[in-house]
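Take a look at the structure set out below.
The values are calculated or read from the model by the stated rules, or taken from the named source; none is laboratory data. Note that the structure is predicted; figures quoted are calculated from it, not measured. Methodologically, a virtual Cβ is constructed for each residue, glycine included, from the backbone with ideal geometry; neighbour enumeration extends over all protein chains shown.
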Amino acid sequence: MLYRSRRLQALFGGLLEAVTYTDLAALVNNPEAAEAEDLDYKQELPANTDKGKEELAKDVAGFANHTGGVLVVGMAEAKGIPSKVMDTDVSDALQRHLQQVVASNTSPPVRFDMRAVPNPDPAAQGRGFLLISVPRSPQGPHAVTAPPTKATEKALRYPRRAATKTDWLTEVDVATAYQRRFDEGADRTRRLDSVERGAVYDVPRNGLPCLLVSLVPEIPGDMTINQETYHRHRRELLAASLISEEQPVFDRIRIGLRRLVATGGDPDDGWYSQCDLHRDGAGVWALRPPTHTGAVDEEGFRWAEHDTVLWLLLSALHMLGAHARDRSGATGTALASAVILGNRYSYPDGPKRPLTLPPVGGLSPRPENELLYPLRLEGVRADGRTRRPMSTQSCSFADSKAVLFLDELADCGPGLVQGASLLADELVQAFGIAEALPLTRAGQLRQSGWSTELWPGMVQWAATHGIEVLTS
């Protein structure tokens, strides 16, 4: 689910997506489970009246405009303490209706999750608890746009959760909230640039192309690094693989300054990757795709298979999203960046380009003295070996940014493909390609964009994760 809270996780006895009916029923008469800034109870949600729609919009926007929280529907309360289980309707039809109510009565629309926790008793079929989880929103402040059901002097109707009730933001509060949104966005951008630039300086000095994928969560986490957790994380990372593959991608794990560093491959060979996983949930993965050399009109260049680059992009987004959410405990959205470098010296404000010296005494030049070719993204012909031109121009630097949801990246479903598609379209346009054909903005895989080598594994991966495949 979109919202994560260690306090509520401890209170409920597990993650929101795993809590059971018995866990929630056990909250009755527990004073520690009293309503708070991040927790509210409702017997039911009569969102088919103007008053009910206004109340739901207010409750959800109030959480989004504060620190986030959970609404437990199907529970009565007395003085804020859960007092009695009151099973409510948990049907798909009701959940669709509630989604529509919130989307139509908040601006900008609040993003939230719902999860039905049915009563296991067969006699109570279709009833149980409904969990509504709302993360703190980077798009706040959110206004309630439902017509007021009672006279009010407030022209601005921006709710915010305050202790066990809802306050309304004043004009000054709203202005401050907008300023905070811009400031936090700038902070995330600076953090992303810092994480990304650090990785560029660590890329081996051999003049080869590189894909750089970075991520900074909106709400940072705090990964514990000690002897016990290091050994656990090390085991996990040594077993990690690219999507659709089982071959481990890392062979060395070490501890860096407030981060874990995972590397794999040979720095001077065709395949190499380095991943920095920071304690606050930020991360960057530098991957070197296999490349070939070619020439057009006597202009030399390297070329990489475009579907291989997108496969690496998908894998990196998933890895970084899972780290931020599951190791660090970060929540909400994340600012993500994807950069294609023809070589490490083409990164703005990056390492200075070295002098290119000829071989001495018949020896080959040092790796950093290799010719720094620009890059192209191309397809592969049916023989699987020769280049099928796609790029209309060479490029040494291309970048794209997007705000994505951590849960969608970590869960490895259609949302991951959507996010990768958003980033990939901007990247390939720098090479004169209109769109990244292997992926769609609807979260699908398009068969015509994939090579015969990668496609069988991608089909199996898509089936496992509920991703639609387009074969026409």
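Quick one: in the range 427-445, which of the residues that are touching a Ser or Thr at 6+ places or on another chain (Cβ under 7 Å) and buried (at least 18 other Cβ atoms within 10 Å of the Cβ) is nearest to Met390 (Cα to Cα)? Once the filter is applied, the top-ranked residue is Ile433.
If you filter the range 405-419 down to residues that are of a type in the set (A, V, I, L, M, F, W, C) and at pLDDT 90 or above, you find that the one that is surrounded by the fewest Cβ atoms within 10 Å (Cβ to Cβ) is Ala410. Being assigned to a loop (DSSP other than H, G, I, E, B), touching a strand residue (DSSP E or B) at 6+ places or on another chain (Cβ under 6 Å), farther than 21 Å from Ser346 by Cα and at pLDDT 75 or above holds for only one residue in Arg234, Arg157, and it is Arg157. Scanning the range 261-287 for residues being among the aliphatic types (A, V, I, L, M), under 19 Å from the mean Cα position of the chain (by Cα) and within 18 Å of Asn226 (Cβ to Cβ) gives a total of 1. Screening Thr452, Thr471, Thr392 for residues that are in the same structural domain as Cys210 (by TED's automatic domain parsing) and more than 22 Å from the chain's Cα centre (by Cα) leaves exactly one candidate, Thr392.
Every residue, every condition in (1) over 18 Å from Val73 (Cβ atoms); (2) over 28 Å from the mean Cα position of the chain (by Cα); (3) among the polar types (S, T, N, Q), yes or no:
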| site | (1), (2), (3) |
| --- | --- |
| Val102 | no, no, no |
| Asn105 | no, no, yes |
| Pro109 | yes, no, no |
| Phe112 | no, no, no |
| Arg115 | no, no, no |
| Gly126 | no, yes, no |
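When the test is whether a residue is buried (at least 24 other Cβ atoms within 10 Å of the Cβ), within 24 Å of the chain's Cα centre (by Cα), assigned to a strand (DSSP E or B) and modelled with pLDDT of 90 or more, Leu317 does not pass it. Number of residues in the range 3-47 that are in contact with a Gly (Cβ under 7 Å, 6 or more places away or on another chain), at pLDDT below 85 and either buried (at least 18 other Cβ atoms within 10 Å of the Cβ) or not in a loop (DSSP other than H, G, I, E, B) (or both): the value is 3.
Considering the range 373-395, and only residues there that are among the hydrophobic types (A, V, I, L, M, F, W, C) and in contact with a Pro (Cβ under 8 Å, 6 or more places away or on another chain), the residue that is surrounded by the most Cβ atoms within 10 Å (Cβ to Cβ) turns out to be Leu375. Tallying residues that are of a type in the set (Ser, Thr, Tyr) and over 30 Å from the mean Cα position of the chain (by Cα) within the range 37-56 yields 1. In the range 64-152, counting only strands (runs of 3 or more DSSP E) that sit wholly within it, the ones holding 3 or more residues that are of a type in the set (A, V, I, L, M) span 68-73, 75-78, 113-118, 127-135.
Matching residues to (1) in the same structural domain as Ala330 (by TED's automatic domain parsing); (2) over 19 Å from Cys412 (Cα atoms); (3) aromatic (Phe, Trp, Tyr):
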residue: Arg235; (1), (2), (3): yes, yes, no
residue: Ser244; (1), (2), (3): yes, no, no
residue: Arg252; (1), (2), (3): yes, yes, no
residue: Cys275; (1), (2), (3): yes, no, no
residue: Ala282; (1), (2), (3): yes, no, no
residue: Trp285; (1), (2), (3): yes, no, yes
residue: Thr293; (1), (2), (3): yes, yes, no
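Taking the criterion of being assigned to a helix (DSSP H, G or I), over 30 Å from Val134 (Cα atoms) and modelled with pLDDT of 90 or more, would at least one residue in the range 239-249 satisfy it? Yes, some residue in the range 239-249 is assigned to a helix (DSSP H, G or I), over 30 Å from Val134 (Cα atoms) and modelled with pLDDT of 90 or more. If the condition is being closer than 15 Å to Gly68 by Cβ, touching a residue at least 40 places away in the same chain (Cβ under 8 Å) and polar (S, T, N, Q), then the range 1-40 contributes only Ser5. For the range 36-80, a residue qualifies if it is of a type in the set (Val, Ile, Thr) and closer than 22 Å to Gly140 by Cβ, and the qualifying residues are Val60, Thr67, Val70.
You will find that of Ala334, Ala324, the residue that is assigned to a helix (DSSP H, G or I) and more than 22 Å from Ile433 (Cα to Cα) is Ala324 and no other. Here is a check on your reading of the model: is Thr224 polar (S, T, N, Q), surrounded by 12 or more Cβ atoms within 10 Å (Cβ to Cβ) and either in contact with an Asp or Glu (Cβ under 8 Å, 6 or more places away or on another chain) or assigned to a strand (DSSP E or B) (or both)? In short, no.
Residue-by-condition table, conditions (1) modelled with pLDDT of 90 or more; (2) at positive phi; (3) in contact with an Asp or Glu (Cβ under 6 Å, 6 or more places away or on another chain):
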residue	(1), (2), (3)
Thr291	no, no, no
Asp297	no, yes, no
Trp311	yes, no, no
Ala338	yes, no, no
Gly342	no, no, no
Gly361	no, yes, no
Arg366	no, no, no
Ala382	no, no, no
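Restricting attention to the range 281-314, the residues that are part of a loop (DSSP other than H, G, I, E, B) and surrounded by 22 or more Cβ atoms within 10 Å (Cβ to Cβ) total 3.
Might you let me know whether the range 120-128 holds any residue that is surrounded by fewer than 16 Cβ atoms within 10 Å (Cβ to Cβ) and in contact (Cβ under 8 Å) with a residue 60 or more places away in the chain? Please lay out each step first, then the result.
Going residue by residue through the range 120-128, those that are surrounded by fewer than 16 Cβ atoms within 10 Å (Cβ to Cβ) are 120-126.
From what is left, the residues that are in contact (Cβ under 8 Å) with a residue 60 or more places away in the chain are 120.
Yes, the range 120-128 has at least one match.
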